[in-house]
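Take a look at the structure below.
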Amino acid sequence: MSTAALLAINLALTIIGAGLWCAATIIAAGPITATRARRALIFAGGAALATLAQLPLVLMLLGQGWWFAQEKLLFALPMQLTAAVVVTLIAAPPLLRQARALSVSSDAAEPGPPSRPAARGAALPAAATTRRLPARVPTALLAATSAAVASVVAGTLIGYPLELAAAAVLTLLAVLATGLGYALFARAGRRLVVGFSALGTLVLVASVALSWMTSMAPPDFAGAQAAHTGGHDSALAAAASPGIDADLAAGTAAAAVSVDDLRTPEDVPGPRRQFTLRAATESVTLASGDTVQSWNYGSLPGPELRVQQGDVVEVRLENVDVAAGVTIHWHGYDVPNGEDGVAGVTQDSVLPGEGFDYRFVADQPGSYWYHTHQSASRGVQRGLYGTLIVEPSGGIAEQHDVVVPLHSIGGSVLLGASDLPTATAIPAGETVRLRLMNTDGLPSTFHLDGTPFAVVAADGHELAAPPEVREQAIRIPAGGRIDLAFTMPDGPVYLTTDASRTAWLAFSPGAAASVGTTERPPDRSDEPELDLLGYGGGPAAVLPDGPLVRAEMVLDRNPRFLQGVPVNGYTVNGAVYPRIPSITVNEGDVVELTVANRGWETHPMHVHGHHVLVLSRNGVAASGAQSWLDTFDVRPGEVWVVAVVADNPGIWMDHCHNLDHAAEGMMMAMRYRGITTPYEHGGSHGNRSE
Ligand code: C2O
Ligand code: CU
């Protein structure tokens with residue numbers, strides 16, 4: 001069973017348990033009859049079963065990883081099991097006696113208040129009874145209810161990690177709720193009722209207020225999370241010390257370097273390639289005639305920037321009238337940090353009338369894209385994106401080069417620049433490279449129909465020894481790129497995507513370029529997905545021998561305050577941006593990053609400034625061609641272990657490339673010790689990197 005399914009079943013059992021305990025509590029608190037006593041017993045028995053059934057599930061989850069089991073093993077199960085024992089000792093005997101006594105005969109020797117006769121098997125009318133169980137019975141059941149509710153809260157509201165303080169608050173609240181119940185059941189007087197209610201409210205309000213206040217504190221890129229292994233990394237002992245100031249004071253970095261110092265030198269050698277991108281709002285009429293309100297870099301998509309390996313790329317960004325501000329981030333391109341285009345981290349947002357000059361050496365060939373990193377969730381969606389193609393010196397192996405960014409905007413889906421089919425004539429026997437790019441927030445799936453093909457690159461990096469495949473779907477994470485290559489056959493070839501029914505690419509041999517655009521190509525949505533972890537061959541990667549730093553990102557969805565605003569946040573290690581502690585590294589470190597997804601949604605995790613080498617997924621070591629990615633889909637219940645070689649100093653964002661998720665918290669930084677930034681979230685430029 002998948003981890004996600006185990007998580008879902010375990011949560012369902014906990015909720016069912018809470019519901020059944022609650023039902024039993026309500027019955028036991030009211031006037032009791034044999035039928036009602038029996039019903040309460042059945043509910044309580046069901047709840048106990050639901051509790052016990054969690055045990056094997058939690059053990060299985062533990063087998064999948066500590067992140068999935070922590071709060072269940074340390075908190076939820078002990079709470080619920082203890083409560084079940086309490087119920088068995090305190091509530092079960094009186095309920096059993098009641099069920100038996102009232103149903104067997106009216107004159108059974110049952111101690112306690114008198115009861116009205118009951119016919120065997122017949123339900124008593126409610127009016128026929130006035131009898132009540134002692135208060136400890138519903139109280140014990142209420143304790144079990146509270147324990148189950150606290151367990152649900154621990155798993156869904158608090159998540160991972162469940163810290164001692166949170167566990168203590170939850171336990172206290174459960175105890176207070178039980179106390180309040182007792183005060184009511186036992187009619188113990190108003191003072192007790194008021195006392196328990198007031199205390200419970202106080203604890204609740206205080207903890208909510210505290211987390212609200214914490215969320216309002218200044219952004220914290222500086223808090224560090226890093227654990228290290230091996231004996232050779234004593235220099236990293238300060239890794240756990242939060243705060244750049246602390247790092248600097250400890251002398252772990254020689255001197256502070258600003259992100260502004262991490263720019264490409266003006267006199268860097270190489271042929272210049274200059275571009276100007278003007279960001280503006282524009283109402284664009286698509287091929288279909290539909291009109292979309294867009295923000296773009298001069299066209300939709302932005303101009304294709306095509307350069308040669310070794311070129312010095314100089315891009316002038318001007319903002320005509322995008323009021324929200326704009327930047328350019330070179331997605332997947334490992335530029336110097338100061339060229340990374342993240343508003344509030346590496347530069348200020350470029351406001352209307354302002355400009356910014358980017359410069360970087362195009363030393364890595366491959367398929368990349370660029371997009372705004374100011375209010376990115378809005379800006380990219382509306383069209384502030386374009387493609388960046390770096391041709392290898394010597395050119396690509398294929399004769400035709402087709403760039404296909406997929407983008408959804410205003411209810412339309414663009415394949416390339418069109419929301420309608422496009423046809424290209426390619427003589428049979430000639431080779432084609434298709435650069436598929438997903439600039440959307442959700443994974444997209446492509447199908448290439450009519451020819452075998454090979455996957456020749458992923459995220460800009462060539463894959464070694466790619467075998468030919470056919471009738472296999474290509475799934476691309478949000479932000480990712482996959483290059484396919486095929487030889488044009490005698491018949492037509494179709495590129496389709498599950499994201500659109502109206503846009504596809506048709507390739508026809510010979511001159512009949514309009515072939516294939518009128519009739520929709522066959523639906524291939526049932527094709528099996530090609531798994532790239534195991535695809536291809538070539539030598540295994542050898543990582544440099546730097547100090548090993550371990551870091552983890554546990555992804556989830558929990559209610560949080562995002563800078564004071566309550567959201568159902570997308571969390572990393574239980575926190576939302578900008579309060580997720582950074583991963584702190586030194587140049588030369590090798591970071592082993594574990595990413596586990598406790599939630600129900602796929603998170604395309606993206607690392608700026610570096611490519612990650614995939615080491616394993618769900619405990620299975622990556623095989624096939626070396627997989628150097630900048631964006632990888634962590635699906636529900638998955639655990640990825642990747643290596644990042646810390647060779648590009650700076651403050652780098654790591655985030656979910658479902659940009660809506662990033663905007664709701666799933667964004668953090670990997671920062672090198674000793675690097676500082678003069679830019680800030682908000683401020684006079686209204687910087688909003690997410
Ligand atoms: Cu493509 Cu931080 O983004
Ligand atoms: Cu996400």
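The values are calculated or read from the model by the stated rules, or taken from the named source; none is laboratory data. Remember, it's a predicted structure, so these values are computed and weren't measured experimentally. FYI the Cβ positions are ideal-geometry reconstructions off the backbone, even for glycines, and counts take in every protein chain you see.
How about the range 329-365: which of its residues are touching a Pro at 6+ places or on another chain (Cβ under 8 Å) and outside any loop (DSSP other than H, G, I, E, B)?
Result: Asn337, Phe360.
Consider Ser684 carefully, then state whether it is at pLDDT below 95, part of a loop (DSSP other than H, G, I, E, B) and crowded, with 22+ Cβ neighbours inside 10 Å.
The answer is no for Ser684.
Enumerate the pairs (first residue in the range 154-177 and outside the structural domain of Glu552 (by TED's automatic domain parsing) and at positive phi; second residue anywhere and among the acidic types (Asp, Glu) and at pLDDT 95 or above) with beta-carbon separation below 7 Å, excluding pairs fewer than 6 apart on the same chain, so at least 6 apart or on different chains.
Gly159/Asp556
Residue by residue through the range 325-344, note down the ones that are farther than 15 Å from His611 by Cβ, among the β-branched types (Val, Ile, Thr) and either surrounded by fewer than 21 Cβ atoms within 10 Å (Cβ to Cβ) or more than 10 Å from ligand 1 (Cβ to nearest atom) (or both).
Those that are farther than 15 Å from His611 by Cβ, among the β-branched types (Val, Ile, Thr) and either surrounded by fewer than 21 Cβ atoms within 10 Å (Cβ to Cβ) or more than 10 Å from ligand 1 (Cβ to nearest atom) (or both): Val326, Thr327, Ile328.
On the basis of being more than 16 Å from ligand 2 (Cβ to nearest atom), under 30 Å from Trp628 (Cβ atoms) and in a loop (DSSP other than H, G, I, E, B), does Gly289 make the cut?
Judged against the criteria, Gly289 is not a match.
Considering each of Ile15, Ile32 in turn, give the residue that is of a type outside the set (Phe, Trp, Tyr) and at pLDDT 95 or above.
Going through Ile15, Ile32 in turn, just one is of a type outside the set (Phe, Trp, Tyr) and at pLDDT 95 or above: Ile15.
Just checking, which of Val456, Val432, Val403 is free of Cβ contacts under 8 Å to residues at least 60 places away in the same chain, assigned to a strand (DSSP E or B), crowded, with 20+ Cβ neighbours inside 10 Å and in contact with an Asp or Glu (Cβ under 8 Å, 6 or more places away or on another chain)?
The conditions single out Val456.
Within the range 594-623, which residues are within 16 Å of ligand 2 (Cβ to nearest atom) and either under 21 Å from Ala4 (Cα atoms) or aliphatic (A, V, I, L, M) (or both)?
If the condition is that a residue be within 16 Å of ligand 2 (Cβ to nearest atom) and either under 21 Å from Ala4 (Cα atoms) or aliphatic (A, V, I, L, M) (or both), then Val595, Ala596, Asn597, Arg598, Gly599, Trp600, Glu601, Thr602, His603, Pro604, Met605, Val607 are the ones that fit.
Consider only pairs whose beta carbons are under 9 Å apart and that are at least six residues apart or on different chains; among these, list those whose first residue lies in the range 602-615 and is at pLDDT 95 or above and whose second residue is of a type in the set (Ser, Thr, Tyr) and within 16 Å of ligand 2 (Cβ to nearest atom).
The qualifying pairs are His603/Tyr570; Pro604/Thr631; Met605/Thr631; His606/Thr631; Val607/Thr631.
Kindly indicate whether Ala246 is hydrophobic (A, V, I, L, M, F, W, C), in a helix (DSSP H, G or I) and modelled with pLDDT of 95 or more.
Taking the combined requirement at face value, the residue does not satisfy it.
List, please: which pairs have Cβ atoms under 6 Å, are six or more places apart or on different chains, and start with a residue in the range 461-472 that is more than 18 Å from Phe446 (Cβ to Cβ) and in contact (Cβ under 8 Å) with a residue 12 or more places away in the chain and end with one that is part of a strand (DSSP E or B) and of a type outside the set (D, E, K, R)?
So the pair list comes out as His461/Trp628.
Output the number of the condition that Ile651 fails; it satisfies all remaining conditions of (1) surrounded by 24 or more Cβ atoms within 10 Å (Cβ to Cβ); (2) modelled with pLDDT under 95.
Answer for Ile651: the failing condition is (2).
Considering only the range 559-586, state which residues are in a strand (DSSP E or B), over 11 Å from the mean Cα position of the chain (by Cα) and of a type outside the set (Ser, Thr, Tyr).
Hits for the range 559-586 are Pro559, Arg560, Phe561, Leu562, Val565, Pro566, Val567, Asn568, Ala575, Ile583, Val585.
Could you check the range 588-647 and list, in sequence order, the residues that are within 16 Å of ligand 1 (Cβ to nearest atom) and over 28 Å from Val345 (Cα atoms)?
Once the filter is applied, which keeps residues that are within 16 Å of ligand 1 (Cβ to nearest atom) and over 28 Å from Val345 (Cα atoms), the range 588-647 yields nothing.
Restricting attention to the range 587-597, and to residues there that are of a type in the set (D, E, K, R) and not in a strand (DSSP E or B), which single residue is farthest from Pro636 (Cα to Cα)?
Taking the candidates together, the pick is Glu587.
If you go through the range 377-400 one residue at a time, how many are within 13 Å of ligand 1 (Cβ to nearest atom), modelled with pLDDT of 95 or more and not in a strand (DSSP E or B)?
The total comes to 4.
So which of Leu351, Leu317 is more than 16 Å from ligand 2 (Cβ to nearest atom), surrounded by fewer than 20 Cβ atoms within 10 Å (Cβ to Cβ) and over 19 Å from Gly441 (Cβ atoms)?
None of the other options fit; the residue is Leu351.
Look at Gln374 and say whether it is within 30 Å of Pro218 (Cα to Cα) and in a loop (DSSP other than H, G, I, E, B).
In short, yes.
How many residues does the range 608-643 contain that are assigned to a strand (DSSP E or B), within 18 Å of Thr584 (Cα to Cα) and more than 19 Å from the chain's Cα centre (by Cα)?
Total satisfying the criteria: 0.
State whether the residues of the range 460-467 include one that is more than 29 Å from Gln381 (Cβ to Cβ), among the charged types (D, E, K, R) and either surrounded by 21 or more Cβ atoms within 10 Å (Cβ to Cβ) or over 25 Å from the mean Cα position of the chain (by Cα) (or both).
Yes: the range 460-467 contains one or more residues that are more than 29 Å from Gln381 (Cβ to Cβ), among the charged types (D, E, K, R) and either surrounded by 21 or more Cβ atoms within 10 Å (Cβ to Cβ) or over 25 Å from the mean Cα position of the chain (by Cα) (or both).
Return only the number of the condition from (1) in a loop (DSSP other than H, G, I, E, B); (2) over 13 Å from the mean Cα position of the chain (by Cα) that Trp600 does not satisfy.
Condition not satisfied by Trp600: (2).
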